[in-house]
Each structure stands twice: as C-alpha cells, then as structure tokens.
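To start, the structure itself, in structure tokens.
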Amino acid sequence: MRQRSGVIVLAALVAALTGGAPQLAVAQAVASGEVAASLHLATAPNFRDIGGYRTRDGHKVRRGLVWRSDQMNLLSEADLAAIAALHPAAIADLRTQTERTREPDRLPAGARYVVLNVAADSTQSLGGDMRLAMAQIAQGKGEALLVEANREFVTLPSARKSYAELVRLMIAADGPVVYHCTAGKDRTGWATAVVLSLLGVPRETIMQDYLLSNERLAAKNAAILSGLAKSRSTLDPAFLEPVLTVKPAYIEAAFAEVERSYGSFDGYVAKGLGLTRHEISSLRAKLLSR
C-alpha cells in the first residue's frame, strides 16, 4: 500500500506550534509579470485573488470573483472585516472534519459555508493517521509524502467530487467565492491549478502562482519553525521544511497523475470531475474578460 501525504500533519503542527497566534503579513509578489492581488491580511497571509492572469487566447481572468486562502480560524476582527467587505457569497472549506472541529472558520456575515472535504476518502495520514506521517517526516520523507498527496488530489473520489463541486459553486454563486484549506497551498493549490487550467491560463503561469505560496507563507512558516525549536521536539527542522512549503515536484506529480489516469487534462475534467462542456463554458463566461 502506498504511503499517504502529511498535509493533515501540517494542519496539526500549525495549531500546536503557533498556539493560534496571529501571523505576520508577507510582501506582495509578482507572478507571470502581473501582481497577484492580495488584501495583505496579517492573520491569513495566503489570502489572494486568483484573477489578473492572461490566458493563452488573450483573455484575462476577472479580479474580485474568486479568492484562495489559508486557514480562516485565526482571522482578526480587522481581517474578517476586510473579507466581509468583498461580500463573498460562499466560503468553501476543503479541510477534514478533524481540522474543521479543532479550528472552525470565522465567517463573514451573509456568506454561505460549504464543506468540501477533499481528503475524506483517504485512509492513512492524509485522512488522519498522523503517527504514520510523522514517522515518515522524521525520516526525511516529507517531500515524498507531499508528492503522494498531490497524486491523491487527482485520484481520490472525495477529491474529485470536492473539486468538481467547487467549480460548480463558482458558476452558481451570486457573488465572490473564497476557498481554503490550512496552509492554502496543497489542497487549495491544486484547486487553483484546476480552475486556471479550465480558464486557459498557461501552465507556466499556474506554476508561478502555485509557488507564490512560499513567499506569502514565509513569516508564518518561520513562526512554526520557531515554535518547533521552543517545543524541544527532536524533529529536525530541515525535515519539516518540505511539508511547510510547495515545490514544483508536488504539483507536477498531480499533473502527471492526470496524464496517467485520464490521458489528458480534458479527460480528467470529463471523466474524473464529471464537468460538462456547458459547465466549462459557463465558468469561462463568468470569470474571463477581454
């Protein structure tokens, strides 16, 4: 049986090592020659707009309609108010039941809360066997765990259902949609890659947006590593780094799994996600402009 990833372990580490302390904002970054819009939230540093990118055919992804984020349980009053000012129609939570129970979202008034548990069908560490995953991380296998996690984002029935429902939510919502997991980089990272791919954004731009999480989470990750040092844990911080960050190999593993399992991205969309041509056209009509 293949070993599963440690993304849920990361969620536990964030909770345990930061003690729920607000995180510092990090500098705005540039991806594909365009500034990725951010509200610069101190307590959700990876909260950002997925709009602004150019597609291969010259369209542009509309700003202000779809936002990605890291955990929303730590939101300060000021940051919650900033999100509320966007008037989001829905907040989609991609986390597990354990994460949602331990760290429930702070929600802006009027937003519909939607649970899309990507990892519900995972049977080992991705779904909750943290002892197994921690043993792997302690052996320096964190990168392998994240590679496997990204493969599961493509193959797990719960993941395929969650990502398809997220796209349908974007189509149907009467206002902006926010979606998030814990770090806003793995489950949320693949969600963003799927949506941007459906819209026709070039793969290299998608990769740059994916890697932007490393800059947005730099201060947050530094706090986690500091907490690790203070906890007198025997875990080598160098072994934790691959779990806290994103690397090209992670999302490349997901795209490779798409090719292996479905033959092409179009095959994944049609057979894996079950999205129709009409739904894809509706998404593009809503989220693209000239």
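The values are calculated or read from the model by the stated rules, or taken from the named source; none is laboratory data. Note that the structure is a prediction, hence the values are computed from the model and not measured. Here the Cβ is made from the backbone with ideal geometry for all residues, glycine too, and neighbour counts use every protein chain on show.
Key figures for this structure:
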| read-out | value |
| --- | --- |
| Qualifying residue in the stretch 186-203 (condition: hydroxyl-bearing (Ser, Thr, Tyr), assigned to a helix (DSSP H, G or I) and closer than 22 Å to Ala44 by Cβ) | yes |
| Contacts under 8 angstrom Cβ, first residue in the stretch 149-173 being over 18 Å from Leu196 (Cα atoms), partner surrounded by 21 or more Cβ atoms within 10 Å (Cβ to Cβ) and β-branched (Val, Ile, Thr), 6 or more apart | Ala149/Val7; Leu156/Val118; Ser158/Val118 |
| Residue among Gly184, Gly142, Gly200, Gly110 that alone is among the small types (Gly, Ala, Ser), farther than 25 Å from Arg260 by Cα and more than 14 Å from the chain's Cα centre (by Cα) | Gly110 |
| Failed criterion for Glu103 (all others in (1) acidic (Asp, Glu); (2) under 19 Å from Ala191 (Cα atoms); (3) touching a helix residue (DSSP H, G or I) at 6+ places or on another chain (Cβ under 8 Å) hold) | (2) |
| Residue that is surrounded by the fewest Cβ atoms within 10 Å (Cβ to Cβ) [pool: residues in the stretch 145-166 that are closer than 20 Å to Gln71 by Cα and of a type in the set (A, V, I, L, M)] | Leu166 |
| Enumeration of residues in the stretch 54-73 that are assigned to a loop (DSSP other than H, G, I, E, B) and over 18 Å from Arg216 (Cα atoms) | Thr55, Arg56, Asp57, Gly58, His59, Arg62, Arg63, Gly64, Leu65 |
| Qualifying residue in the stretch 66-83 (condition: hydroxyl-bearing (Ser, Thr, Tyr), touching a Ser or Thr at 6+ places or on another chain (Cβ under 8 Å) and in contact (Cβ under 8 Å) with a residue 60 or more places away in the chain) | yes |
| Extreme residue, farthest from Val201 (Cα to Cα), among residues of the stretch 257-283 that are in contact (Cβ under 8 Å) with a residue 60 or more places away in the chain and surrounded by fewer than 16 Cβ atoms within 10 Å (Cβ to Cβ) | Ser261 |
| Per-region count, the stretch 241-290, residues charged (D, E, K, R), within 22 Å of Ala183 (Cβ to Cβ) and out of contact with any Leu (no Cβ under 9 Å at 6 or more places or on another chain) | 2 |
| Leading residue by the ranking (surrounded by the most Cβ atoms within 10 Å (Cβ to Cβ)) among those in the stretch 207-244 that are touching an Asp or Glu at 6+ places or on another chain (Cβ under 9 Å) and of a type in the set (S, T, N, Q) | Ser213 |
| Residue match in the stretch 117-132 (condition: among the hydrophobic types (A, V, I, L, M, F, W, C), out of contact with any Lys or Arg (no Cβ under 8 Å at 6 or more places or on another chain), surrounded by 23 or more Cβ atoms within 10 Å (Cβ to Cβ) and closer than 30 Å to Arg203 by Cβ) | no |
| Residue in the stretch 218-230 that is among the basic types (Lys, Arg) and modelled with pLDDT of 95 or more present | no |
| When residues of the stretch 228-271 are limited to those that are aliphatic (A, V, I, L, M) and outside any helix (DSSP H, G or I), the one farthest from Ala164 (Cα to Cα) | Leu235 |
| Residue in the stretch 84-100 that is nearest to Thr188 (Cα to Cα), counting only those that are touching a helix residue (DSSP H, G or I) at 6+ places or on another chain (Cβ under 9 Å) and of a type in the set (S, T, N, Q) | Thr96 |
| Residue in the stretch 194-210 that is of a type outside the set (A, V, I, L, M), farther than 20 Å from Thr155 by Cβ, in contact with a Pro (Cβ under 8 Å, 6 or more places away or on another chain) and touching a residue at least 40 places away in the same chain (Cβ under 8 Å) present | no |
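Here's the yes/no breakdown for (1) under 16 Å from the mean Cα position of the chain (by Cα); (2) of a type in the set (Ser, Thr, Tyr); (3) assigned to a helix (DSSP H, G or I):
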| site | (1), (2), (3) |
| --- | --- |
| Leu75 | no, no, no |
| Ala92 | yes, no, no |
| Glu99 | yes, no, yes |
| Ser122 | no, yes, no |
| Val147 | yes, no, yes |
| Val154 | yes, no, yes |
| Glu165 | yes, no, yes |
